[in-house]
Amino acid sequence: MDIACLRRLVTDVIRRCLPILLIAGCASSAPSIASMIRTLPAPADGQPCRRAETPPRLPAPEEILDTDATLALIGAAPNGAGHVIFEVRYDTLGARVPVRVLESTIDGVDANALTPLVRPAAPDVAGEPGRGWGVLVRAVPDAIAVDRTETCLPVLLNRREIVNMLQARMRSTGSDFSGVRTAELDVHTDSTGAVIGLKLNETTGSTALDRIIAGLTGEMRFAPPLMNRRPIEVWSRIPIGIDFGPPDTLHLRPRR
């Protein structure tokens, strides 16, 4: 094969294949719904999480959003590579609640821009009149996905320290317990995990032990409660068990 023929062959291959390579390269740079499974921070180790059961049927995107306007807004991102994750919520009367944006890679795509795109009245999917509900929405330039919301309860981070302090305070008061005592605390935590309120919902059966536990709440450090991977302020009910085994083997544990 002479040089001229080889040059024509190479030129023909480039002319035919380069557009395909460029298109493939551009497509791979745009995020897809599948690639956005979990881009938000993960909960702490051992933090109990649950997905909402309401509404029983997830609405289609077009039932809660102006999908054309939403896709146009997301598609305005440079290179078509933007995405946004946000909550759509309706109150107990079925009225729209302002959007809470969890993550956005596009300048200007915020709650003010997204809230007007949400249908003002809830679709008929809640299944239980008078109960508010919400869903999680993930949107990329060419697709919108609706998913259930997720709530993660606060979890005690300094369990060992609290056990040591509980032992010390029991010794200082001369209190003596045996067996397993259970209690149920209603704990009010802020978005940092700090305890800002406490109610004893179920007593241990001992006024002295209840008083000691209540006095320790200011020392407790919790992983903050999460709503769709973002910290929130909330009241949580935390059942606990205190196992008074042999001396110096006291254990503080969640009650199942």
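Computed from the coordinates by the stated procedures, all read-outs in this text should not be read as laboratory data. Since this is a predicted model, take the numbers as computed values, not measurements. We place every Cβ from the backbone using ideal geometry, glycine too, and count neighbours over all the protein chains shown.
Some points to look at:
- Nonlocal amide H pairs with Leu65, under 5 Å, H built at 1.01 Å: Arg119
- Averaged over residues, the count of other Cβ atoms within 10 Å places the peptides 229-239, 148-158 in the sequence 148-158, 229-239, highest first.
- Kirkwood estimate for the range 66-167, i.e. one over the average of 1/r between Cα atoms, Å: 15.7
- Segments 51-63, 184-196 sorted - mean Cβ within 10 Å per residue, highest first: 184-196, 51-63
- All other residues whose Cβ lies under 11 angstrom from that of Arg96 are scored, Lys and Arg at +1 and Asp and Glu at -1, for a net of +1.
- Near Leu73: Cβ cut-off under 11 Å, other residues only, Lys/Arg at +1 and Asp/Glu at -1. The net charge is -3.
- Potential lengthening between Ser178 and Ser236 on full extension [0.36 nm per residue; Cα-Cα distance subtracted]: 18.1 nm
- Residues Ala42 and Ala168, FRET efficiency given R0 of 35 Å [Cβ-Cβ distance, rounded to 0.05]: 0.55
- A full extension of the chain between Ser206 and Thr105 corresponds to an added length of 31.0 nm, given 0.36 nm per residue minus the alpha carbon distance.
- Distance from the C-alpha centroid of the range 138-167 to that of the range 204-243: 15 Å, rounded to the whole angstrom.
- Summed residue charge, Cβ within 9 Å of Asp186's Cβ, Lys/Arg positive, Asp/Glu negative: +1
- Computed FRET value (nearest 0.05) for Thr92 with Thr217, which takes r as the C-beta separation and R₀ as 25 Å: 0.20
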